[in-house]
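Participant: For reference, the structure I am asking about is given below.
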């Protein structure tokens, strides 16, 4: 099957066949499919290089690559975070966790401290602000009729910013709350735990079993079979196709 069909304006890397993936050999221009970033938006690829000229950004990118290489299939993600922080020369690490992860955050905090790092940790429910303050109705609560504090990721970010944290680690923040935390964090952000209450915090399981046990993830326009090519989308923020 040919994947070199013109007409794409935005990348569709999720559909690149395993027999191609030309970027791994630096051959996207020559062998990439029609929806390859090197073909649909080479100017965008080129423009992304300018931020790497910033010395701090370059140091982050290089350190991440070295950690990847040194720990490849040897280090857990906990170890990778510790090594990344140390190789970057960071002293202060923040933990932004769901309140359900406090006990595990204590273990993680102790591990970070054993590597000589200073740790500040903030749970999502800090401040005890009622959900009504952001317009949540009683019937929209998890347990209607009871007090429920809102998750407060902006406060988590602010407190870690004030503590001078240079690297902040997310542990199980809810979808959307993690987005707000990342948006308001001044320090770099990485994730240790991605929350999935159903799958023991292993969200990729829903993708691996999307056609069997977790077929409920599909919407009403589920295709008869997995598409081999992405839908054509026009470039721009309006989502027009």
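Laboratory data are not the source of any read-out in this text; all were calculated from the coordinates shown. Since this is a predicted model, take the numbers as computed values, not measurements. Using ideal geometry, Cβ is built from the backbone for each residue, glycine included, and neighbour counts are taken over all protein chains shown.
Participant: Using Cα pairs under 8 angstrom and six or more residues apart, how large is the relative contact order of the range 90-207, in percent?
Facilitator: 28
Participant: Then there's this: Among rounded, prolate and oblate, which fits the range 65-132 when a ≥ b ≥ c are the square roots of the eigenvalues of its C-alpha gyration tensor, a/c under 1.5 means rounded, and a/b larger than b/c means prolate?
Facilitator: prolate
Participant: If you take the beta carbon distance between residue 147 and residue 213 as r and set R0 to 35 Å, what does 1/(1 + (r/R0)^6) give as a FRET efficiency, to the nearest 0.05?
Facilitator: Using R0 = 35 Å, I get an efficiency of 0.45.
Participant: Please list, in order, the residues from the range 167-200 whose amide nitrogen is less than 17 Å from a point placed 7 Å along the Cα→Cβ vector of residue 100.
Facilitator: The answer is 170-179, 192-200.
Participant: Which of rounded, prolate, oblate describes the chain, given a ≥ b ≥ c as roots of the alpha-carbon gyration tensor eigenvalues and a/c under 1.5 marking rounded, otherwise prolate only if a/b is larger than b/c?
Facilitator: Oblate, because a/c is 1.5 or more while a/b does not exceed b/c.
Participant: Express in whole angstrom the spacing between the alpha-carbon centres of the range 99-164 and the range 76-95.
Facilitator: For the range 99-164 versus the range 76-95, the Cα centre distance is 21 Å.
Participant: Out of all DSSP beta bridges in the chain, what portion is antiparallel? Express it as a percent rounded to 5.
Facilitator: Expressed as a percentage, antiparallel bridges in the chain total about 5.
Participant: Using 7 Å Cα-to-Cβ label points, what is the residue 202/residue 138 separation (nm, one decimal)?
Facilitator: Label at residue 202, label at residue 138, 4.1 nm between them.
Participant: Can you give the helix-only mean residue ellipticity at 222 nm for the chain, where every DSSP H stretch with n ≥ 4 adds -39500 (n - 2.57) and the sum goes over all residues, rounded to the nearest 500 deg cm²/dmol?
Facilitator: -9000 deg cm²/dmol
Participant: Relative contact order for the chain using alpha-carbon pairs under 8 Å, separation at least 6, rounded to a whole percent?
Facilitator: Averaging sequence separation for qualifying contacts and normalising by length gives 18 percent for the chain.
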